[in-house]
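Q: Let me begin by handing over the structure; questions about it come next.
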């Protein structure tokens, strides 16, 4: 019996933090992980870590805000591997400011990276997934999309829109054996949260019933489940991983 071909996964924003942990988790599942981000040296470091652990990964430097380059990168993955099975849209930015002070540029830049790039990459990935009659799309959102956050109207709007996009995509692709889901992290220990003022960190911990920040590997575990063969009956869902912060 012929060996089952290795599934190919694309992870954006894979050079550090949550994206790097997602890439490692998918590699541990036996996927060939294509790492996308702008920072070439950081991508190479993640790739080397995956190889050292016995996994398979390649790098594809790409600025997801360059939407033509993003679409071309997704197409290149299919051209190189003759398949594309899993897409994880993790890349994202913040440009925090109170709404009354927020510039058009601060709003538009966040929308371009956090929302439009998701639309572009999903659209580009669908044809390869339909050809392969199998697909998993996981888009990373945020609890800010669920409850809002002062100073993050642009970020919360972009992430809430990702949820709507993903649910619509899930319904469109339900008959094609392609699932689409969202993972919405709470406060996770990353470079971004490390830079927060201590008073903000303390307030976040107090608002989290588990009284701690999450770990990037805990988000990666949620993504790994949604990317697995056993998650085939889960689609159009928002998996909130926030230590209970937004529980009803």
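The values are calculated or read from the model by the stated rules, or taken from the named source; none is laboratory data. Predicted model, so just to flag it, every value in this text is computed and none were measured. Glycine gets a Cβ as well: all are built from the backbone with ideal geometry, and neighbour counts include every protein chain shown.
Q: May I ask you to list the residues in segment 168-198 that are closer than 19 Å to residue 225 by Cα and surrounded by fewer than 17 Cβ atoms within 10 Å (Cβ to Cβ)?
A: 174, 177
Q: Considering only residues that are at pLDDT below 95, assigned to a helix (DSSP H, G or I) and crowded, with 17+ Cβ neighbours inside 10 Å, which ones fall in segment 202-220?
A: Once the filter is applied, which keeps residues that are at pLDDT below 95, assigned to a helix (DSSP H, G or I) and crowded, with 17+ Cβ neighbours inside 10 Å, segment 202-220 yields only 204.
Q: Which of the following residues is touching a strand residue (DSSP E or B) at 6+ places or on another chain (Cβ under 6 Å), at pLDDT 95 or above and not in a loop (DSSP other than H, G, I, E, B): 110, 118?
A: Going through 110, 118 in turn, just one is touching a strand residue (DSSP E or B) at 6+ places or on another chain (Cβ under 6 Å), at pLDDT 95 or above and not in a loop (DSSP other than H, G, I, E, B): 118.
Q: Give me a count of the residues in segment 46-69 that are within 22 Å of residue 166 (Cα to Cα) and touching a strand residue (DSSP E or B) at 6+ places or on another chain (Cβ under 8 Å).
A: Of the residues in that region, 1 qualify.
Q: Surrounded by fewer than 24 Cβ atoms within 10 Å (Cβ to Cβ) and over 22 Å from residue 221 (Cα atoms): which single residue out of 38, 7, 16 fits that description? Walk me through how you get there before you give the answer.
A: Details: 7 fails: over 22 Å from residue 221 (Cα atoms); 16 fails: over 22 Å from residue 221 (Cα atoms).
Of 38, 7, 16, the one residue that is surrounded by fewer than 24 Cβ atoms within 10 Å (Cβ to Cβ) and over 22 Å from residue 221 (Cα atoms) is 38.
Q: Pairs needed: first member in segment 221-232, at negative phi and modelled with pLDDT under 95; second member anywhere, assigned to a loop (DSSP other than H, G, I, E, B) and surrounded by fewer than 16 Cβ atoms within 10 Å (Cβ to Cβ); C-beta distance under 7 Å; at least 6 residues apart or different chains.
A: Sorted first by the residue in segment 221-232, then by its partner, the list stays empty.
To keep it simple, each residue is scored yes or no on (1) more than 21 Å from residue 215 (Cα to Cα); (2) in a loop (DSSP other than H, G, I, E, B); (3) in contact with a strand residue (DSSP E or B) (Cβ under 9 Å, 6 or more places away or on another chain); (4) at pLDDT 95 or above.
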{"site": "151", "(1), (2), (3), (4)": "yes, yes, no, no"}
{"site": "154", "(1), (2), (3), (4)": "yes, no, no, yes"}
{"site": "159", "(1), (2), (3), (4)": "no, no, yes, yes"}
{"site": "163", "(1), (2), (3), (4)": "yes, no, yes, yes"}
{"site": "166", "(1), (2), (3), (4)": "yes, no, yes, yes"}
{"site": "173", "(1), (2), (3), (4)": "yes, no, yes, yes"}
{"site": "184", "(1), (2), (3), (4)": "no, no, yes, yes"}
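Q: Going through 43, 84 one at a time, which residue ends up being modelled with pLDDT of 95 or more, more than 19 Å from residue 227 (Cα to Cα), touching a strand residue (DSSP E or B) at 6+ places or on another chain (Cβ under 6 Å) and not in a strand (DSSP E or B)?
A: 43
Q: Regarding segment 187-198, can at least one residue be identified that is at pLDDT 95 or above and either part of a helix (DSSP H, G or I) or under 13 Å from residue 141 (Cβ atoms) (or both)?
A: Within segment 187-198, none of the residues are at pLDDT 95 or above and either part of a helix (DSSP H, G or I) or under 13 Å from residue 141 (Cβ atoms) (or both).
Q: Hey, can you tell me all the residues within segment 127-148 that are in contact with a helix residue (DSSP H, G or I) (Cβ under 6 Å, 6 or more places away or on another chain) and surrounded by fewer than 20 Cβ atoms within 10 Å (Cβ to Cβ)?
A: 130, 148
Q: If I ask for residues that are farther than 25 Å from residue 133 by Cβ and either in contact (Cβ under 8 Å) with a residue 40 or more places away in the chain or in a helix (DSSP H, G or I) (or both), which ones from segment 63-81 would you list?
A: Answer for segment 63-81, where residues must be farther than 25 Å from residue 133 by Cβ and either in contact (Cβ under 8 Å) with a residue 40 or more places away in the chain or in a helix (DSSP H, G or I) (or both): 64, 65, 67, 68, 69.
Q: Continuing with the same structure: In segment 46-57, what count of residues is obtained for those that are touching a residue at least 12 places away in the same chain (Cβ under 8 Å) and either crowded, with 16+ Cβ neighbours inside 10 Å or on the phi > 0 side of the Ramachandran plot (or both)?
A: Step one: of segment 46-57, the residues touching a residue at least 12 places away in the same chain (Cβ under 8 Å) are 46-47, 49-50, 53, 55-57.
From what's left, either crowded, with 16+ Cβ neighbours inside 10 Å or on the phi > 0 side of the Ramachandran plot (or both): 46-47, 50, 55, 57.
Qualifying residue count, segment 46-57: 5.
Q: For segment 30-47, which residues satisfy the criterion of being within 25 Å of residue 132 (Cα to Cα) and under 17 Å from the mean Cα position of the chain (by Cα)?
A: Result: 31, 32, 33, 34, 35, 36.
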